[in-house]
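See structure below.
The values are calculated or read from the model by the stated rules, or taken from the named source; none is laboratory data. What you see is a predicted model, and the numbers here were worked out from it, not measured in a lab. FYI the Cβ positions are ideal-geometry reconstructions off the backbone, even for glycines, and counts take in every protein chain you see. Please note that ligands, DNA and RNA were not included when accessible areas were found on the heavy atoms of the full protein model with its side chains. Shrake-Rupley method; radii C 1.70, N 1.55, O 1.52, S 1.80 Å.
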Amino acid sequence: GEKVEQHQSTLSVREGDSAVINCTYTDTASSYFPWYKQEAGKSLHFVIDIRSNVDRKQSQRLTVLLDKKAKRFSLHITATQPEDSAIYFCAASRDSGYNKLTFGKGTVLLVSP
Amino acid sequence: DTTVKQNPRYKLARVGKPVNLICSQTMNHDTMYWYQKKPNQAPKLLLFYYDKILNREADTFEKFQSSRPNNSFCSLYIGSAGLEYSAMYLCASRGQGHSDYTFGSGTRLLVI
């Protein structure tokens, strides 16, 4: 089955800097790659996704890049703010009707003032 | 209401006893999922309902059961809890035509 690896357990940046969180996947049939954010004491919520028909998607300060050849995708956050501090989970699926997501372990992003 | 509710927030169970966790949503989502999350591990899909059809993952097939009496409610049932079941259990739902999940806040289960 699919395996999603999130290689950084923790990432610390200064406010205003950029942050990049990387993930790899193993299933070449995966075609949907979402990111979820979990703030302290709260549930996971969806932030951005990308499908395999594109290699880049941007939403305000967030950009997702997808490299299908390397089976790698990444979340880029520019101009980080303290409220970006959270656990970020990447995931992958075949985007079939059931859309079963396989998640990474999560990366704790700490943005210090 | 665009939230997924999970009850209880915390659950203490004895080894060998049954456990029933509840999830509800009023968004008319057709798919509801249960994930198990242990510290420093990725959330692991246990099972999901698409409408009235239950799908259980192969490696957890015998460990968990579920029911969905109507579109809004979904339960996760453990017949005989073991210490290894201690974890956070996350419920999520997804609407037809949408790819993103809405997660509940989770139930933290401690088996002693």
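Brief remarks follow.
- Among residues of segment B:53-66, those that are of a type in the set (D, E, K, R) and more than 14 Å from chain A (Cβ to nearest Cβ), counted: 2
- Taking the conditions (1) modelled with pLDDT of 95 or more; (2) under 22 Å from B:THR3 (Cα atoms) in turn, B:PHE64 satisfies each one other than (2).
- Tally of residues being in a strand (DSSP E or B), crowded, with 21+ Cβ neighbours inside 10 Å and either of a type outside the set (A, V, I, L, M) or within 9 Å of another protein chain (Cβ to nearest Cβ) (or both) across segment B:67-101: 7
- Criterion (touching a strand residue (DSSP E or B) at 6+ places or on another chain (Cβ under 7 Å), at pLDDT 95 or above, open to solvent by less than 10 Å² (accessible area, probe 1.4 Å) and of a type in the set (Val, Ile, Thr)) met by exactly one of A:ILE87, A:ILE21: A:ILE21
- B:LEU46 away from every other protein chain (no Cβ under 12 Å) and of a type in the set (A, V, I, L, M, F, W, C): no
- Test: A:LYS42 is in a loop (DSSP other than H, G, I, E, B), open to solvent by 30 Å² or more (accessible area, probe 1.4 Å), charged (D, E, K, R) and within 14 Å of chain B (Cβ to nearest Cβ): yes
- Residue within segment B:17-36 that is part of a strand (DSSP E or B), away from chain A (no Cβ under 11 Å) and either free of Cβ contacts under 8 Å to residues at least 40 places away in the same chain or open to solvent by 50 Å² or more (accessible area, probe 1.4 Å) (or both) present: yes
- Checked against the criterion of being open to solvent by 70 Å² or more (accessible area, probe 1.4 Å), under 12 Å from the mean Cα position of the chain (by Cα) and either within 12 Å of chain A (Cβ to nearest Cβ) or modelled with pLDDT under 95 (or both), segment B:6-14 contains one or more residues that satisfy it.
- Top-ranked residue in segment B:102-112 [being open to solvent by 10 Å² or more (accessible area, probe 1.4 Å) and not in a strand (DSSP E or B); ranked as farthest from the other protein chains (Cβ to nearest Cβ)]: B:ILE112
- Look at segment A:86-113: where a residue is free of Cβ contacts under 8 Å to residues at least 40 places away in the same chain and a partner is open to solvent by 50 Å² or more (accessible area, probe 1.4 Å), sitting 6+ places away or on another chain with Cβ atoms under 8 Å, you get A:GLY97/B:TYR50; A:TYR98/B:TYR50; A:LYS100/A:ARG94.
- Residues located in segment A:21-75, provided they are β-branched (Val, Ile, Thr) and either within 14 Å of A:THR102 (Cβ to Cβ) or more than 13 Å from the chain's Cα centre (by Cα) (or both): A:THR24, A:THR26, A:THR28, A:VAL54
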